[in-house]
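Visitor: Let me begin by handing over the structure; questions about it come next.
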Amino acid sequence: MPEITVTLNLSQQDALEVAKRLARDDDFRAQVAMNPFETLEQYGISIRSSGEDIGFSPILPPKHVVEEALVNITEASEFASHEGFESQDMFAFWIFVVFVAT
């Protein structure tokens with residue numbers, strides 16, 4: 001099994017935008033399914049493998065699953081702020097981003 005490295009270089013707001021598009025934008029979802037590495041790289045999410053190719057399935061999580069994750073993360077008191085999405089727990093926030101990105 002190859003070792004996979006995920007590097008995140010985006011703001012919380014940009015990560016939220018990627019998640020919203022995965023939940024709501026069929027064209028974006030198709031682009032991610034067809035070219036996951038290139039598309040996510042454009043948004044600051046880099047996925048690398050140690051040697052072997054990573055075999056991504058072209059099937060993304062259903063839109064309602066991503067939308068439900070957005071609702072949960074947006075409404076959870078430990079993540080919410082007066083703007084509605086600034087996480088105070090950076091580790092938990094980025095774990096959510098990795099979940100959405102993969």
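Visitor: In segment 12-55, which residue that is more than 12 Å from the chain's Cα centre (by Cα) and among the hydroxyl-bearing types (S, T, Y) is nearest to V66 (Cα to Cα)?
Guide: S49
Visitor: Identify, from the list N35, N72, the residue that is polar (S, T, N, Q) and modelled with pLDDT under 85.
Guide: Just one listed residue meets the conditions, N72.
Visitor: If I filter segment 1-29 down to residues being assigned to a loop (DSSP other than H, G, I, E, B) and surrounded by 13 or more Cβ atoms within 10 Å (Cβ to Cβ), which single residue comes out as modelled with the highest pLDDT?
Guide: Step by step, filter segment 1-29, then rank; the result is D25.
Visitor: Within segment 30-49, how many residues are surrounded by 19 or more Cβ atoms within 10 Å (Cβ to Cβ) and under 11 Å from L60 (Cα atoms)?
Guide: Total satisfying the criteria: 2.
The values are calculated or read from the model by the stated rules, or taken from the named source; none is laboratory data. Because the structure is predicted, anything quoted here is derived from the model rather than measured. Quick reminder, even Gly has a Cβ in these numbers, built from the backbone with ideal geometry, and neighbours come from all protein chains shown.
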